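Chemist: My questions all concern the structure below.
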Amino acid sequence: MAETEKRAQVLEALLPRETGSLPWPLHNEAVLFVVSSCVSFVKRTIDSLRLVWPLLRLVWPYKFTILYAAWSVAALTYAHRTLEHEELEKQEVAFLAGGLLVSLTVPLAAWLSWEHLTNFVEPRQQSQTVRIIWTVPVYSLSAWLCLRFPGRAIYIHGVRELYEAYVIYCFLQYLVFYLGTNRLELARTLARKPSANGVHRPPFCCLAPWAMGLEFLDNCKLGVLQLVMVRTLTTLGSALCHYQGVYEAWYGVYWTTALNSLSQGWALYVLFLFYHATARDMRAIQPLGKFLTIKAIVFLSYWQGIVIGLLVQQGSIGSVEMHSAEVVARAIKDLLVCLEMLLAAVAYLFMFPVSDFTLDKGRVFPSDSAARVAFLDSGASPPTSGGAHGGGGGPGLGGGGGAAASESGA
C-alpha cells in the first residue's frame, strides 16, 4: 500500500499545474524512483532468466521443430473451426484444404533453404540445391492459386512448367559441379569412363553412341536445355491459344501435350545416362535418391494431369454444382499437387540435407579443392562417413549444420 501511495504522489507531482511549472525537488525524486524501478525490473528479469536458461539451452536445437509443431496445430485448428462454423461451397473447401497444405509445406522448404544459405560453404553446388528446393513452394503455391483463380489457371500453370524445366537443368548442373571445377576437367574425367556408357538404351538404342568426353557432356547438357526451350515455346503457345479461345481444340491441348511429353522424356533419359556414367564417382552424395525424388515430382505431377484429362474425356469426372468437368479436373489435380508437395518437402529434408556440404559432416573432399580433383583423377571410390551425404545426417530440423547446432546431432 505504501508503494502504491508513493507512486500516486509521484504521478501527482509530475502533472502540470496551472503555471505549467514542475517542483524540482519532486522532479528529482521522481527520476530516482523511475531509475530504481527500472533497476529492480532488470534484476527480476535476470533472476527469471537464470531459472529459464537451462531449459532454453535444452530446447534451442529443436526450435524449428517446436515452432513448426505449434504452427501446424494453429493451422489445423483454424481450418477445423472454419469448416465447423461456416457454410462453404465445395470450391471454397478445396481452397481451404489447399491453403492448409501450403501452410505446412512452405515452412519446411524455407527452413531447409535457410540452412543451406547460412552454411554456404560451396556456393556453386548449394545455389543449385536451393533452386531445386524451391520447386516445392513454387508447385504448391501455384496449385493453390489455381484453386483460387480457376479462370487464370492456364497462366499460373505456365509459370510452374517453366520452373519445372529449369529445375531439371539445375539438377544436372548440381551433378556437374560436384564432379569437376570446369568443363574440360569434367570432360577428362568422363573420357576415362568405359565407352559402353555412351551406348544408348531402349527405346533409343538405334541412335549412334556418344563418345565419352566432351561429346557426351555437351549432348547431356543440350538434352536437358532443349526441355527449357521447348517448355517455354509450348507455354507461350498455350497462353496464346487460350487467349484466342481455341486452347481446347486439337491444335491446342494435344499438340502441346505431345511436345512436352517427348521433350520431358528425352531430358529424363539424358539425366539417366549421365547418372549411369558417373554413379560411382557420386556415391557419397547418393545421387539416385535425389534423382528419383526430382523425377517423382516432375514426372508424376505431369503425367497425373494427363491421366485426369483422359478421365474427363471418358466422362469419369463430371461437373459439380456450377463448375464444369474441366474445372473440377483442374481442381483435383491442383489439390493433389498441394498434398504431394508436402510429402516432397519432407523428402527433400532427407535428400538434400545441409550435411552434404558442411565440412565436419561427411564431405571429405570439397569440389573446389585440389584434393577433390586429384581424388577423382585417381579413379578410386568416393569415401563415405557415418551420418553423411544424402540423408545419413537426418533432415536437419535443428539449428543448422556445421556453423550451428544440428537437431540430428543433438
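The values are calculated or read from the model by the stated rules, or taken from the named source; none is laboratory data. All values reported here derive from a predicted model rather than from experimental measurement. As a convention, Cβ positions derive from the backbone with ideal geometry for all residues, glycine included, and neighbour counts pool all protein chains shown. Only protein heavy atoms, including side chains, enter the accessible area calculation; ligands, DNA and RNA are left aside. Shrake-Rupley method; radii C 1.70, N 1.55, O 1.52, S 1.80 Å.
Chemist: Quick check on this structure: which one of Ser37, Ser72, Ser48 is modelled with pLDDT of 75 or more, over 30 Å from Leu104 (Cβ atoms), in a helix (DSSP H, G or I) and not β-branched (Val, Ile, Thr)?
Modeler: Of Ser37, Ser72, Ser48, the one residue that is modelled with pLDDT of 75 or more, over 30 Å from Leu104 (Cβ atoms), in a helix (DSSP H, G or I) and not β-branched (Val, Ile, Thr) is Ser37.
Chemist: Based on what the data block shows, is Ile154 open to solvent by less than 60 Å² (accessible area, probe 1.4 Å), closer than 30 Å to Leu227 by Cα and either modelled with pLDDT of 90 or more or touching a Lys or Arg at 6+ places or on another chain (Cβ under 6 Å) (or both)?
Modeler: It is false that Ile154 is open to solvent by less than 60 Å² (accessible area, probe 1.4 Å), closer than 30 Å to Leu227 by Cα and either modelled with pLDDT of 90 or more or touching a Lys or Arg at 6+ places or on another chain (Cβ under 6 Å) (or both).
Chemist: Since Lys193 meets every condition but one in (1) surrounded by 14 or more Cβ atoms within 10 Å (Cβ to Cβ); (2) in contact with a His (Cβ under 9 Å, 6 or more places away or on another chain); (3) not in a helix (DSSP H, G or I), which condition does it not meet?
Modeler: Of the numbered conditions (1) surrounded by 14 or more Cβ atoms within 10 Å (Cβ to Cβ); (2) in contact with a His (Cβ under 9 Å, 6 or more places away or on another chain); (3) not in a helix (DSSP H, G or I), the odd one out for Lys193 is (2).
Chemist: Let me ask something additional. How many residues does the stretch 196-209 contain that are assigned to a helix (DSSP H, G or I) and loosely packed, with under 14 Cβ neighbours inside 10 Å?
Modeler: The qualifying residues number 1.
Chemist: Pick from the stretch 131-148 the residues that are closer than 10 Å to Val167 by Cα and in a helix (DSSP H, G or I): which of them is most open to solvent (accessible area, probe 1.4 Å)?
Modeler: Only one residue fits best here, namely Arg131.
Chemist: In addition: Do you know which of the residues in the stretch 47-80 that are within 29 Å of the chain's Cα centre (by Cα), open to solvent by 100 Å² or more (accessible area, probe 1.4 Å) and of a type outside the set (Ser, Thr, Tyr) is farthest from Leu343 (Cα to Cα)?
Modeler: So, considering only residues that are within 29 Å of the chain's Cα centre (by Cα), open to solvent by 100 Å² or more (accessible area, probe 1.4 Å) and of a type outside the set (Ser, Thr, Tyr), the one farthest from Leu343 (Cα to Cα) is Arg57.
Chemist: Another question about this same structure. What are the pairs with Cβ atoms under 7 angstrom where one residue, in the stretch 231-251, is at pLDDT 70 or above and the other, located anywhere, is open to solvent by 70 Å² or more (accessible area, probe 1.4 Å) and part of a helix (DSSP H, G or I)? Sequence gap at least six, or different chains.
Modeler: Within 7 Å, the pairs are Thr234/Leu259; Ala239/Tyr155.
Chemist: Scan the stretch 105-126 for residues that are closer than 28 Å to Ile66 by Cα, polar (S, T, N, Q) and either open to solvent by 40 Å² or more (accessible area, probe 1.4 Å) or in a helix (DSSP H, G or I) (or both) and jot them down.
Modeler: Thr105, Ser113, Thr118, Gln126
Chemist: When you scan the stretch 333-347, how many residues do you find that are more than 11 Å from Trp144 (Cα to Cα) and open to solvent by 40 Å² or more (accessible area, probe 1.4 Å)?
Modeler: Matching residues across the stretch 333-347 total 3.
Chemist: Sort out which residues of the stretch 150-188 are in a helix (DSSP H, G or I), closer than 22 Å to Lys290 by Cα and of a type outside the set (A, V, I, L, M), and write them in order of number.
Modeler: Arg160, Glu161, Tyr163, Glu164, Tyr166, Tyr169, Cys170, Phe171, Gln173, Tyr174, Phe177, Tyr178, listed by residue number.
Chemist: Tell me, please, whether a residue that is open to solvent by 40 Å² or more (accessible area, probe 1.4 Å) and free of Cβ contacts under 8 Å to residues at least 40 places away in the same chain can be found in the stretch 161-172.
Modeler: Scanning the stretch 161-172, I find at least one residue that is open to solvent by 40 Å² or more (accessible area, probe 1.4 Å) and free of Cβ contacts under 8 Å to residues at least 40 places away in the same chain, so the answer is yes.
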